[in-house]
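Taking it in order: structure first as structure tokens, then the write-up.
The values are calculated or read from the model by the stated rules, or taken from the named source; none is laboratory data. The structure presented is a predicted model; accordingly, all values stated were derived computationally and were not measured. Note that we place each Cβ from the backbone using ideal geometry, even for glycine, and neighbour counts take in every protein chain shown. What goes into the accessible areas is simple: the full protein's heavy atoms, side chains included, and nothing from ligands, DNA or RNA. Shrake-Rupley method; radii C 1.70, N 1.55, O 1.52, S 1.80 Å.
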Amino acid sequence: MNSKLLTVSLFISVCLIWGTTWFAMEEALHSIPPIIATGLRFFISGQVLIILAILFNQPLFFQKGNVNGFLLLL
């Protein structure tokens, strides 16, 4: 798989997931509690990212060498 295509696809998916946050919260306030709306949004976005990782044959977990970078993000 072309690494540039993978990078662009992952960037677009992150933008769509994070970009819909405010819209989803505004709409959800009128119909369901915020905690349920947040849980649903993360559940759906997680499923999309897992499917993309499988389609692009990418690991779902950090590799041994990336543990320090992951801890830095926490």
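Within segment 50-63, the set of residues being open to solvent by 100 Å² or more (accessible area, probe 1.4 Å), within 17 Å of THR7 (Cβ to Cβ) and of a type outside the set (A, V, I, L, M) comprises ASN57 only.
Figure legend. Inter-residue proximity from segment 3-19: first residues on the phi < 0 side of the Ramachandran plot, second residues polar (S, T, N, Q) and surrounded by 11 or more Cβ atoms within 10 Å (Cβ to Cβ), beta-carbon distance below 9 Å, spacing 6+ or different chains. Indicated pairs: LEU6/GLN58; LEU10/GLN58; SER13/SER45; LEU16/SER45; ILE17/SER45; TRP18/SER45. Every test in (1) at pLDDT 85 or above; (2) closer than 18 Å to LEU6 by Cβ; (3) polar (S, T, N, Q) is passed by GLN47 save one, and that test is (2).
Selection of segment 6-32 for residues being modelled with pLDDT of 80 or more, surrounded by 13 or more Cβ atoms within 10 Å (Cβ to Cβ) and within 11 Å of the chain's Cα centre (by Cα) yields LEU10, SER13.
Close contacts from segment 42-60, counting a first residue that is of a type in the set (Gly, Ala, Ser) and a second that is open to solvent by less than 80 Å² (accessible area, probe 1.4 Å) and in a helix (DSSP H, G or I), with Cβ to Cβ under 7 Å and a gap of 6+ residues or different chains, come to SER45/ILE17.
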